[in-house]
Structure formats: structure tokens, C-alpha cells
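The values are calculated or read from the model by the stated rules, or taken from the named source; none is laboratory data. Note that the structure is a prediction, hence the values are computed from the model and not measured. Counting neighbours? That spans all protein chains shown, and the Cβs are built from the backbone with ideal geometry, glycine included.
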Amino acid sequence: MQELTTPLTSTNTVTASKPASAILSLRNLSVGFGQNGKSVRAVEDLSFDLAMNKTLAIVGESGSGKSITSLALLGLVHHLGGSVLNGSALFNSRVLGREVDLNSLSEKELRKIRGDEISMIFQEPMTSLNPVYTIGTQISETLMLHRGVSAAEARRLTKDYLDLVRLPDALRLLDAYPHQLSGGMRQRAMIAMALSCQPKILIADEPTTALDVTIQAQILHIIRELQAELGTAVIFISHDMSVVSEMADDVLVMKSGRMVEQGSVEKVLLNPEQEYTQALLAAVPQIGSMKGQSKPKFFMVPGLSEGTTNPSSGPQADHNTKAPLLETKGLTKRFDIRKGLFSRITHRVHAAEQVSLQLYPGETLALVGESGSGKSTVGKTIQQLIEPTSGEVHFDGQSIFKLPKLARQRFRREIQYIFQDPYGSLNPRLTVGQSIMEPALTHGIATSKVEAENMVGALLEKVGLQPEHAQRYPHEFSGGQRQRICIARALICDPKVIIADESVSALDVSVQAQVLNLMMQLQQERALSYLFITHDMAVVERVAHRVAVMYLGQLVEIGSRQQVFENPQHDYTKRLLDAVPHMDPSRGPGRFKPPLEGEIPSPMRAVGNEPAINKLEQIAPGHFVSQSDFIPS
Amino acid sequence: MSIAAFFIRRVVQALFVLFIVTLFVAFLIRLTGDPASILAEEAASVTEADLERIRESLGLNKPFLVQYYEFIRGLLTLDLGQSFFRGAVGDLIAIALPSTLVLALSSMLVSIAISIPLGIHAAVHKGGIADQIIRVVSLLGLSFPNFWLGIMLVLLFAITIPLFPASGFSGASSIVMPAVTIGIILTATNVRLVRTTMLETLSSQYVMVARAKGLSERVVIYKHALRNAAIGIVTFLGLQFGNLIGGLVIVELVFNWPGMGTLAVEAIGQRDYPVLQAAISLLAVMIVFVNLVVDLVYGLIDPRIRVE
């Protein structure tokens, strides 16, 4: 009981009887789904050893079986309808006092190990905590179950663990409910819960995928620090090679349920043997790789792309010579929050404040920022999906919102929008062909059905699909194919501007590279302008001509890609760039020094409490920086 | 919004609803005809002066708004006036209201007691034999119209096998038949509701997290899943109670149960405005009150509403 009172000690994690190197040995694991587990094999013949105090990263794209593997280790896979068909997982259990095979333990024995010796952090911090119980209750529960401590003692220990994951004001958080915490705070609470019994093995399943990049950096740092302090072995499941590079000692690459390659992080990331690993790595945009280059660059995706593009060059922007195609002037959007008995407006969300930016013909302007920065609000206002509170949007010299409603219709054609979720943005009851031709018929671009069908066929070929695909329904396509379909739908109106709102964020990295290549290729051919809204700095570095950084509804820096990435001026831009994980295992562990404190503040303000408007000053030709101070809350 | 402000707002809304309901009731029943002519029907010859006298004695010659005002004042002072035919309205209600409440609450409580464990069992063992049986039987229960079910039960258990009284109120055993009739239909709905809600809750991430902590399946289901599922279930039960009060009219008539439904239907036939107004207004008060309680319980279960 002594070590419990001081969570930082790691005396009980090493026992004398343990076999030398591996804390867990998985051999020939197979997991199946469907009738008796026979219809689909999710994991096939997987083996690995997890070394003490080390991090093993399991990497793979969606459907590779990496999450199923972790649930199988905890004996939970049957709750998803799967079953372990074969294999052993040897683990030296302290609570059971012997070496056990996790796959042949009874449910009762497994329960003693779960949450105590092996614990897990899940992907979605927003849904991992039970909304109806306080943080304190949920963490204490584990301690009382496995440590048999009293409620008061559990509460005291819980506070210690909340301090350990650097949650401010831990005492108050004990009695807080999950909805009162931000995503990053919830994930810290989850980590505190998972570590509360000082597990020998921590399984982290995509623990930062749903978080903003600065928060991701904080969480990764905490996991690594606590791992060192507590001597925990970590199985880190991720699709993100850069994150893996920052976290892992060993890497196991999975594809379709099978192991492709495993080895040390240096070996797998720097000298991959398998073609699949090489292709996967080539598709990862690496921050810093574009140093000294002014133009965007295609991805090299051997074996994955159609190879239609010349990888060395990218689309050329047409700047300075022409007037901007699209321009926002002092664009402001505020959302009212009504509260209290009489629904008075007490607060306003200042989603966008005085945003002025220009988009030139043929260029990609990246609009970057974290949650609540207002980047999507700007995009949606330009597409007339929402009305601005004040400010103007000029297109081709005309002020859109000053025109009568009917006259504005034309701009909906010239400016197209591609959404983040390729699953939600196609009507499941329409064929792909019907979805694509709909805007053409609405805007009277195609005069007959036959003409529209011909256009659809040509466009499907253009985006790398086949004309016959027009007859099929969205569910018959993968995520990447659907995003291609959405691009085809955007193109049928022959737009000048495409607003891509996190359009590749939900895609696997190899698919993301292909879709980005397609977008750059189309830009080259048609002199399209993209407003590329994203949180992913590495992608931005690869595809953008110019970059605008938003923070709390305001622009803080805008300039050419090179200016912003190679000579960032505003503190927030620097912080954002620092937080991006690098895919460079040769830098060694602990090289990653992210900002540790600070939440992203809310853009919601009380009525009358107007934010100060940032003044942008030009510090180099085309490079504007806000002179405001960046104060992390 | 604090829970107090939330609650005050709901009370204000409820009072407004009641105002509209009573106004409508008072107005609409006066469109259905002149009670004075019904009262006078039995007399051999009626003059216009006779009718006028009847109207005056019943207060029907006063302007509508005055009549409405007197009715509302009566409601607030619990003086519900006189029935045209059967003495004090208050006395009639005092008999009918408890009968209805006993019937509604007992059938609802029994239904909850049966449907929650059955629904949970079906959800936890989804696709198993018990789940299949529960789903088929509950669909069957849903498919019966309640008046038909009532008549069938009377035929079977009161006439063929005389176990329970067929109708009326004659001691505690009288409640069995109408309560079972309502209970079967409520239970069929509720089992399906509990099953669906639990299935959704059991598939959420926090349930998997609870399992990964090493908690037993019993704690996972009853502590972590059920309380979340209860949010949806309680809301539904509130709405169901409203429907139940409406649905009771038919069942009360089938079993000749001396409740509010029977009272209201009789009053409609006789154009007995004071009784009808009072009965319908009280039913509305009950429905509104139950929904208020649901809102409060909702706040107690779900901290996202309770805490700002």
C-alpha cells in the first residue's frame, strides 16, 4: 500500500521472477468476425514481443486490425462481435502470481488484470468518459476495485494522479463532469485513469488523433514522461508515422490484419524493407522537407498513384501580376448565445473578426488554425452557407453580399465547397452520377440529361474513376473514392475557386497523398484557386503557395509558404509549428519539446466585451504579422 | 442555465399551456349545442321563456369570458361548481380522479418493473433466444388495439373462466382486468424502447472503457450503461403517461371503470359543461405536471442539464 500514496515511485513494476526482456509475448494471434469468427479475419497470425519500459508502435491504415489487436489483448474483442481464433499472449501477472496466457484466462481472471496490470487509453476523449459521473468517481472506481482502498483514500490518490497529468485545479476537477472539460483535459483525465493502478502495460489507441496539434504535443509528452517515471511498457497504436517517430522504440507495420514489417523505429522508418512500408512513408508529408522550395510539390507514391504527374514540379500560382480573384474585407461573423430565463443574448462567439485576405488565380491559400480559430466560418461565409455579421466578400471585383439573392447564385457556381466527411456529403439514395450532375442541372450548365451524363463520364475519368461508376451508389466506394467523387461534383460547374474544408483529414495517408496529387494536378490544368482549410501543417507545407494563420477568429500571420514556415514571426505560428511531430527517428527520444501548458481559449465572450482587433503589419513583401501578443490561456 | 432558471421557465411554459387548454375547452364545448334545449327535451312544450330561465339559472346567459373567468376562479379556489345534473363537480371528481390515477399508475409501474429487466436482458444478449422471443411477443402486444384486447380478456377471464369481475368497481380484484389490458400494451412498447436505448448505450465508447477498467459486466451494465439509457427512457415515459391518460378513456368505457374518462364521456353526452371543463382541465394539469416532473428527473440524471 505504501507505493500507492506516492504515484511517482515505480518499485512495484519490476518483479524478480520475470523473464529477461519481454513483458508480453504475443504469438500467432488470429481474430475473426462474423459467424463463429469465420467470415472476416481481422487479425491473422500476428506475433510480437513487448519489451519492458519500451514503446511498441503498431502502425497501419484503417482496417489493418491494429485496434482489434489491442482489444484482443484485454479479452474484450467479443463485445464487438469478434472472437480470438488462435494464438497465445504470455504475460507475467503480478495479481495472479504466475505467467499466464491472456487468451486462455477466465473472464474473472482477466478482470483482475484489466485496468490494473494492463490498461488502455482510447481514441475519442469526448466519448471515453461516462457523461453522467464525475471525473473523480470514474478514476476512484478503478482504484477501489483493484487496490481495495476506501473511497476517501481513492479520492486522495485520484487527485494526485490528476496533478501528475498536469491538470490544473485538480481538486475542483474531481467533482467536475466530463462535458465541463475540453478534449485535451479529458484525455489527460483518461491517462490519469489508465495509470492510476500503475499498469505494467499501457495500450494507447490513437490517443491524440482527435485532438488539436498543440494539445496532441502536450498529451504525447505526458505519456512519454509518465512512461519513464512509472516504468510502463506502451503499445502505441497509430496511423500517423510522424507521431510514431516521436514516440516509439519499436515499430510494427500492419496491413489487412497481417504484419508487414517490424523492427526498431530507426530501421523501419529510415530503412524500410517492404514495399508497402516504403509507399506508406513516401505518402507522409514531412514538415521541414520543403525548405527552400517556393512551389507545391507532388507526392511520390510508387505503386499507389497512377503516376500521371511529374513529381518534381507543382502548380504555379499566378500572383502579383493580376488582381485577386477573391477577397474578403473585414469579414466578421458572430454567433449569439442566449441564456437564462428570458433567452437574452449574454455571450457571443466571435468566430471571425475583421478577416481580410486575398486569393489569387491559380494559387492555393492555406487557412490554418486549431479548433475555434474560425477558419471554417470564413470558408462557409465565402460559399454563402452563412451570412456575415459585417464585412464584404469580393469575387471578380463584385461584392457578393451587396447583390440581390438571385444574382448571388452565380457565385455558388464559381465557388465550390468540398467537405471534410466524404461519407456524409453524398446523398446515399442518389447514384454517384445523379449527385455529380445535380449542380450542373441546377445552374443550367448542362442543357440536356444526355449532355450532363457525358460531362459526368468525362469528369469521373478526370478524377481517376471510370465513367461506368456513375451508375453506382456512394456506399460502394471507399473514402478516398468518395472524396474524388466530391471533387468531380465540385468541378462540373467549372468553378474558379474550390474551398477544401479539411477535405483530406479523414483519409488514410496513402489515399490522402493521391487525393492531394489529384487536386494539385487539376490546379495545374485548370488554373484553379484553392482555399485550403486545415489543421495539418505538414500537408499545408506541401500543397500551399501562401499560408494564413488564424487564432481566435483573427488572422495573426499571412505570407508565402516559405515566409511562414521558414521565418515564422508570430508566437502562435511558432507554437503551432513546434507542436507538429517530425518523422525523424534519428533525432533520438526526448527530442520533442512541445509547449506543456495551455488550453486553446474559447472565442466566446460576454456581450460588450469585444476582442481587440489585431493590426497586421508588413514585415517583408507579402508577409504580414499581427503585432498582438500571443497569450496562451 | 442554472437548474432553477430552467425549472422556472418550464413552470411558466406549463402555466401558459394550461391557460390555452382551458380556454379552448371552455370555448369549444360551447360550440356543440345548447344544454338548455337538452334539459328541456323531456318537457312536453317548451317556450323560449322557459329556455331563457334555464339558461339564467345555469349561468349560461352570461358572456363567455365571464363564464370562463368564473371557471378559472373556481379551479383556483377548488370550488368547481355544480353539475347540471349530478350535484357538486368536486364530489364527482373526488371519486373519478383517484380511480383513474390508481389504474394509470399501477399499470405503468407494473409495466416498468417488467420491461426494464426484460429490455436489458434482450439488449445484453442481443440475437439470443430470449431476445428473439421478447421481440416477437412485444410486437404482438403492440399489434392489439386496446379495446379489442380488453373485450377478449373479459370474454376469457370474466365470462368463460370467471376469475375477475367483468366491469365496474367492486373491490380490489376489479382493477386486474383493466390494468392488465393497459399494461400489456405499455410493456410491449417499453420493452422495445429499453432494448433499443440500452443497445445504443452499450455500444458507446465509455462502456468499453468501463470494461477495460476490469469492472464486472453487472457494474458495467447497471452503473455505467443504465443511467445513461435512463435519460432517454424517462423522457419517453413522460410522453407515454400523456398518451396513457388519453388512451384510458376507451379502456375505462370497456370496463365501465368509474374514472375520469368515463366521467368526461358521460359529460359530453349530456353537455354537462361544468363537469366536462373540470375533467378535461384536470387531465391537462396531470399531463403537464408529469412532464414537469420528467424535466426535473432528467436534470437529476443528466449533469449536462443540471450544471451550467
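General observations
- Counting only helices (runs of 4 or more DSSP H) that sit completely within the range A:231-298, those holding 1 or more residues that are closer than 30 Å to residue A:559 by Cα correspond to A:241-247, A:275-282.
- Options B:150, B:171, B:214, B:183; residue that is within 21 Å of residue B:106 (Cα to Cα), free of Cβ contacts under 8 Å to residues at least 12 places away in the same chain and of a type outside the set (Val, Ile, Thr): B:171
- From B:156, B:105, B:109, B:140, residue being of a type outside the set (Ser, Thr, Tyr) and either outside any helix (DSSP H, G or I) or touching a residue at least 24 places away in the same chain (Cβ under 8 Å) (or both): B:140
- The numbered conditions (1) within 14 Å of chain B (Cβ to nearest Cβ); (2) within 30 Å of residue A:508 (Cβ to Cβ) are all true for residue A:421 except (1).
- The combined condition, being aliphatic (A, V, I, L, M), crowded, with 21+ Cβ neighbours inside 10 Å and either in a helix (DSSP H, G or I) or within 14 Å of another protein chain (Cβ to nearest Cβ) (or both), is fulfilled by residue B:279.
- Some residue of the range A:449-458 being assigned to a loop (DSSP other than H, G, I, E, B) and not basic (Lys, Arg): no
- Within the range A:184-207, if we keep just the residues that are aliphatic (A, V, I, L, M) and farther than 19 Å from residue B:215 by Cβ, the residue that is farthest from the other protein chains (Cβ to nearest Cβ) turns out to be A:185.
- Test: residue in the range B:247-257 that is over 30 Å from residue A:77 (Cβ atoms), in contact with a Pro (Cβ under 8 Å, 6 or more places away or on another chain), of a type in the set (A, V, I, L, M) and part of a helix (DSSP H, G or I): yes
- Residues that are away from chain B (no Cβ under 14 Å) and closer than 11 Å to residue A:31 by Cβ, drawn from the range A:50-68: A:65
Table: residues versus (1) β-branched (Val, Ile, Thr); (2) at pLDDT below 85; (3) in contact with a strand residue (DSSP E or B) (Cβ under 9 Å, 6 or more places away or on another chain); (4) within 21 Å of residue A:534 (Cβ to Cβ).
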| residue | (1), (2), (3), (4) |
| --- | --- |
| A:565 | no, no, yes, yes |
| A:569 | no, no, yes, yes |
| A:577 | no, no, no, yes |
| A:614 | no, yes, yes, no |
| A:624 | no, no, yes, yes |
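- Considering (1) within 13 Å of residue A:126 (Cβ to Cβ); (2) modelled with pLDDT of 85 or more; (3) within 14 Å of chain B (Cβ to nearest Cβ), the lone condition that residue A:210 does not fulfil carries the number (2).
- Selected residue (criterion: farthest from residue A:169 (Cα to Cα)) from residues of the range A:93-118 that are within 13 Å of chain B (Cβ to nearest Cβ) and β-branched (Val, Ile, Thr): A:95
- Filter result (of a type in the set (A, V, I, L, M) and within 14 Å of another protein chain (Cβ to nearest Cβ)) within the range A:142-164: A:143, A:144, A:145, A:154
- Selection count where residues are assigned to a helix (DSSP H, G or I), within 14 Å of another protein chain (Cβ to nearest Cβ) and buried (at least 19 other Cβ atoms within 10 Å of the Cβ), scope the range A:165-182: 2
- Among the residues making up the range B:199-214, a single one is in a loop (DSSP other than H, G, I, E, B), facing chain A (nearest Cβ under 7 Å) and hydroxyl-bearing (Ser, Thr, Tyr): B:204.
- Residue satisfying all of: in the range A:119-141; touching a Leu at 6+ places or on another chain (Cβ under 9 Å) and within 12 Å of residue B:211 (Cβ to Cβ); farthest from the other protein chains (Cβ to nearest Cβ) among these: A:119
- Checked against the criterion of being surrounded by 15 or more Cβ atoms within 10 Å (Cβ to Cβ) and either at pLDDT below 75 or assigned to a loop (DSSP other than H, G, I, E, B) (or both), the candidates B:60, B:92 yield just one match: B:60.
- Every condition in (1) surrounded by 18 or more Cβ atoms within 10 Å (Cβ to Cβ); (2) among the small types (Gly, Ala, Ser); (3) at pLDDT below 85 holds for residue A:312 except the one numbered (1).
- When each of A:365, A:403 is tested for being of a type in the set (A, V, I, L, M, F, W, C) and either modelled with pLDDT of 90 or more or closer than 28 Å to residue A:298 by Cα (or both), the lone residue that passes is A:365.
- Selected residue (only one of A:564, A:556, A:540 is under 20 Å from the mean Cα position of the chain (by Cα) and surrounded by 24 or more Cβ atoms within 10 Å (Cβ to Cβ)): A:540
- Counting only helices (runs of 4 or more DSSP H) that sit completely within the range A:69-164, those holding 2 or more residues that are in the same structural domain as residue A:199 (by TED's automatic domain parsing) and modelled with pLDDT of 90 or more correspond to A:107-113, A:135-147, A:151-164.
- Yes/no for residue B:177 being away from chain A (no Cβ under 12 Å), surrounded by 16 or more Cβ atoms within 10 Å (Cβ to Cβ), under 29 Å from the mean Cα position of the chain (by Cα) and not in a loop (DSSP other than H, G, I, E, B): yes
- Candidate set: the range B:180-196, residues that are surrounded by fewer than 23 Cβ atoms within 10 Å (Cβ to Cβ) and among the polar types (S, T, N, Q); chosen: the one farthest from the other protein chains (Cβ to nearest Cβ): B:189
- Here the range A:168-190 is the region considered, the condition is being among the hydrophobic types (A, V, I, L, M, F, W, C) and under 19 Å from the mean Cα position of the chain (by Cα), and the residue that is modelled with the lowest pLDDT is A:185.
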